[in-house]
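Below is one structure, written out as structure tokens; the observations come after it.
The values are calculated or read from the model by the stated rules, or taken from the named source; none is laboratory data. Quick caveat, the model's predicted, so the values are computed rather than measured. Neighbour counts run over all protein chains shown; Cβ positions are idealised from the backbone, glycine included. What goes into the accessible areas is simple: the full protein's heavy atoms, side chains included, and nothing from ligands, DNA or RNA. Shrake-Rupley method; radii C 1.70, N 1.55, O 1.52, S 1.80 Å.
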Amino acid sequence: ASVAATIIALGGGLITYRVQEGGRTSIYLQGPNGGRIPLVFDKDDAEVLDYTPQNGGRFAIWVSEGGQQKVFIIDQGGNLAGGPITGGWTSVTDGDWSNDGQRLVLEVLTGTVVNYLYYDANGNATGAPAFP
């Protein structure tokens with residue numbers, strides 16, 4: 001079995017590994033003592049969308065699982081902090097944390113229409129922010 005690992009450096013000196021093995025995808029965080037912490041494991045596909053060191057440190061991770069796309073919010077210990085976020089979108093194209101780590105905005109495509117969806121740090125849908 002061939003294993004392909006992609007290393008991704010994140011803010012705060014963190015490193016994640018996207019490992020593809022046997023047609024399955026897992027994402028690991030490099031632990032402080034060299035061990036690896038599983039963030040998501042054994043999915044059809046997965047990508048880290050964004051990481052924030054704020055609010056205790058949170059990852060937003062896109063996952064394809066059983067034909068459905070989801071976004072998981074995972075803390076630095078590998079625990080599910082919120083989600084999974086699911087929706088009627090065709091694909092998730094990006095995800096970004098707010099500066100304070102309290103809000104996650106997902107850019108999604110529904111067909112060819114781009115939408116921005118807002119969530120709190122635990123994956124609960126919130127309204128779009130109001131601008132003056």
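Could you grab me the full set of residues in the stretch 68-86 that are without any contact (Cβ under 8 Å) to a residue 24 or more places away in the chain and more than 20 Å from L117 (Cβ to Cβ)? Let's see the steps before the verdict.
Step one: of the stretch 68-86, the residues without any contact (Cβ under 8 Å) to a residue 24 or more places away in the chain are 68-70, 75, 79-80, 86.
Selection gives D75, N79.
Within the stretch 88-115, restricting attention to residues that are aliphatic (A, V, I, L, M) and touching a residue at least 12 places away in the same chain (Cβ under 8 Å), which residue is most open to solvent (accessible area, probe 1.4 Å)? Steps first, answer last, please.
Filtering the stretch 88-115 down to residues aliphatic (A, V, I, L, M) leaves 92, 104-106, 108-109, 113-114.
Next, from what is left, pick out any that are touching a residue at least 12 places away in the same chain (Cβ under 8 Å): 92, 104-106, 108-109, 114.
Values: V92: 20, L104: 1, V105: 36, L106: 0, V108: 3, L109: 47, V114: 69 Å².
The qualifying residue most open to solvent (accessible area, probe 1.4 Å) is V114.
If you check I27, I7, I73, I61 for being of a type in the set (A, V, I, L, M, F, W, C) and open to solvent by 50 Å² or more (accessible area, probe 1.4 Å), only one passes: I7.
How many residues does the stretch 12-22 hold that are out of contact with any strand residue (DSSP E or B) (no Cβ under 7 Å at 6 or more places or on another chain) and touching a residue at least 12 places away in the same chain (Cβ under 8 Å)?
Of the stretch 12-22, the ones out of contact with any strand residue (DSSP E or B) (no Cβ under 7 Å at 6 or more places or on another chain) are 12-13, 22.
If we keep only those that are touching a residue at least 12 places away in the same chain (Cβ under 8 Å) too, we end up with 12, 22.
Total satisfying the criteria: 2.
Out of contact with any Lys or Arg (no Cβ under 6 Å at 6 or more places or on another chain), in contact (Cβ under 8 Å) with a residue 60 or more places away in the chain and among the charged types (D, E, K, R) - does that describe any residue in the stretch 31-48? If you could, list the steps in order and put the result at the bottom.
Step one: list which residues in the stretch 31-48 are out of contact with any Lys or Arg (no Cβ under 6 Å at 6 or more places or on another chain), which gives 31-41, 43-48.
Those left that are additionally in contact (Cβ under 8 Å) with a residue 60 or more places away in the chain: none.
No, the stretch 31-48 contains no residue that is out of contact with any Lys or Arg (no Cβ under 6 Å at 6 or more places or on another chain), in contact (Cβ under 8 Å) with a residue 60 or more places away in the chain and among the charged types (D, E, K, R).
Looking across G67, G82, G35, G13, one residue alone is open to solvent by 30 Å² or more (accessible area, probe 1.4 Å), modelled with pLDDT under 90 and within 30 Å of A128 (Cα to Cα). It is G67.
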